[in-house]
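Here the structure comes first, spelled out in structure tokens, and everything after it is commentary.
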Amino acid sequence: MATFKSLPGFREFYPEDYAQRKHIFQIWRQVARRFAFKEFDGPVLESLELFTAKSGPEIESQLFCFEDKGGRQVSLRPELTPSLARMVAARANGLKRPIKWFSIGDNFRYERMQKGRLRCFTQLNVDLLGEPGPAAEVELIALLVQTLLGFGLSEEDFFVRLSDRNLWMLYLETLGYDEEAIGGILGVVDKWERLPEEKLLAQLQEVAGERAAELKAAVDGFLKLDSVEGIRSCFAELEQDAASAEALAARLADWQQLLEGLGAMGLADFIKIDLSIVRGLAYYTGFVFEAFDKKGEFRALAGGGRYDALVEKMGGPDMPAVGFGMGDVVLGELLKARGKMPEFVDTVDFFAVIGGDAEKLAVLEEVALLRQAGYSVEYQLKPQAFGKQFKAATSSGARFALIVGSEELEKGVVKLRNLADRSEQEIPRGQLLEAVRGLI
Ligand code: HAM
């Protein structure tokens, strides 16, 4: 007989795995709500064009796409951001700004299989739209940090790398590159840590020709900067016209505001300025950030940034936006590695212990009432000796056993045993619900 395995990169969640998944979703929701974000969702299947046009080449090569029965070119979503931008664009005038939305949903990317990367993963997306200034980044980065803290992780476990595509633009423009060349250069910067020197140089040559070696030295220098002061001095050594000097001053003021805001929230120590983060997706325009584990064992926990032009490109009004996505895969691995993934036991309120067939009918009546009133109740479907049923009751984690043997049946009562302290009380049948209301 053929054996059917699940597809590579697609997980199966047995109940104990699902409990961990639920734990992750629960903290995600709790923290997003603490920051007053509202939950929403978009479609899982979209037109292929939405992603080829908006997500950029890296994601394009990973799409799960096909032709549907109506002849449409479609794709499972590799990310939520283009759908979100379209949804906001469609109702922009009726939405109160800032728009603060979050979502938890599955995404699909046909990636090369590697640690921390699957082909179906769940992402928390948090996005704030309608606020152009760094006050938005302060909220989102704070939310990102608070989420990871919410899982019991600490400053020892993770940090956020903060960078700025806007600053890169200013820097590379000052060096004399145009917008197209800058796009190409940032594509290479995105791979800086991963590619060997010769490959970097070869790729820079494609955009900068004979200036490649000089450009590489400049980029190497820029990548070393890790403070606002350092950035300021780096630019001071370059020749800048008045307009770009003014743009730089405004940008550094944004940096100051962002860092001060995070500092005021007590989060400064989680932030590391690291200009090597430029983000592979096509739509980012300003501050960009990624969260990593501190030991450098795992891939990015989360990533995001500002994408001020996307909503307008989707036919909406001018709508500045910042957001991030956090996946459940790397996060789950990190929580397990640091001993922060709780063990879960699914418990019930009551476990009914039943004498025989006559008692069973009496018990089912009580069980139905309890369940209807919202309590969780379990019992053995097949007749079993009392001893076995008590064992099952204990291992179910139930707080109370509900016992009806021949004696109880005759007296017209139900015996309620507290399984923790073994205390017992007899309750007349029909009055169980009132009696347990005071207990649970
Ligand atoms: P991203 O950096 O592509 O950004 O993904 C964000 C996070 O999703 C990653 O840091 C990682 O935790 C998780 N992730 C991505 N791909 C995989 C995979 N194949 N397997 C497991 N986990 C994965 C975005 O998706 C942007 N749309 C985020 C965003 C929202 N930007 C603005 N708003």
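Counting only helices (runs of 4 or more DSSP H) that sit completely within the range 326-423, those holding 3 or more residues that are in the same structural domain as ILE104 (by TED's automatic domain parsing) and of a type outside the set (Gly, Ala, Ser) correspond to 328-337.
Yes or no: the range 5-16 includes at least one residue that is out of contact with any helix residue (DSSP H, G or I) (no Cβ under 6 Å at 6 or more places or on another chain), over 23 Å from LYS336 (Cα atoms) and either more than 15 Å from the ligand (Cβ to nearest atom) or in the same structural domain as PHE151 (by TED's automatic domain parsing) (or both). Yes: one or more hits. Just one of the listed residues (ALA32, ALA36) is of a type in the set (A, V, I, L, M, F, W, C), in contact (Cβ under 8 Å) with a residue 24 or more places away in the chain, within 24 Å of LEU140 (Cα to Cα) and touching a Lys or Arg at 6+ places or on another chain (Cβ under 8 Å), namely ALA36. Specify which of the listed residues (SER227, SER163) is within 30 Å of the chain's Cα centre (by Cα) and surrounded by fewer than 13 Cβ atoms within 10 Å (Cβ to Cβ). Answer to the selection: SER227.
Scanning the range 402-440 for residues that are exposed (fewer than 11 other Cβ atoms within 10 Å of the Cβ) and under 14 Å from GLY355 (Cβ atoms) yields one hit, GLU410.
To keep it simple, each residue is scored yes or no on (1) assigned by TED's automatic domain parsing to the domain that holds ALA32; (2) crowded, with 21+ Cβ neighbours inside 10 Å; (3) out of contact with any Asp or Glu (no Cβ under 9 Å at 6 or more places or on another chain).
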residue	(1), (2), (3)
SER55	no, yes, no
LYS69	no, no, yes
LYS100	yes, yes, no
GLY105	yes, no, no
ARG112	yes, no, yes
CYS120	yes, no, no
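For VAL322, the requirement of being at pLDDT 95 or above, in the same structural domain as GLY130 (by TED's automatic domain parsing), under 30 Å from THR122 (Cα atoms) and part of a strand (DSSP E or B) is met.
Based on this model, can you work out whether ALA36 counts as exposed (fewer than 14 other Cβ atoms within 10 Å of the Cβ) and under 20 Å from the mean Cα position of the chain (by Cα)? Yes: the conditions hold for ALA36. Restricting attention to the range 242-279, the residues that are open to solvent by 40 Å² or more (accessible area, probe 1.4 Å) and in contact with a strand residue (DSSP E or B) (Cβ under 9 Å, 6 or more places away or on another chain) add up to 4.
The set of residues in the range 240-284 being within 16 Å of the ligand (Cβ to nearest atom) and at positive phi consists of ARG279 alone. Taking the numbered list (1) out of contact with any helix residue (DSSP H, G or I) (no Cβ under 6 Å at 6 or more places or on another chain); (2) more than 23 Å from LEU281 (Cα to Cα); (3) part of a helix (DSSP H, G or I) in turn, GLY187 passes all entries but (2). If the condition is being within 30 Å of LYS38 (Cβ to Cβ) and modelled with pLDDT under 90, then the range 97-117 contributes no residue at all.
The values are calculated or read from the model by the stated rules, or taken from the named source; none is laboratory data. On a predicted model such as this, the values are computed, not experimentally measured, just so you know. In this analysis, Cβ positions are derived from the backbone assuming ideal geometry, glycine residues included, and neighbour counts consider all displayed protein chains. Calculation scope for accessible area: heavy atoms of the full protein, side chains included, ligands and nucleic acids excluded. Shrake-Rupley method; radii C 1.70, N 1.55, O 1.52, S 1.80 Å.
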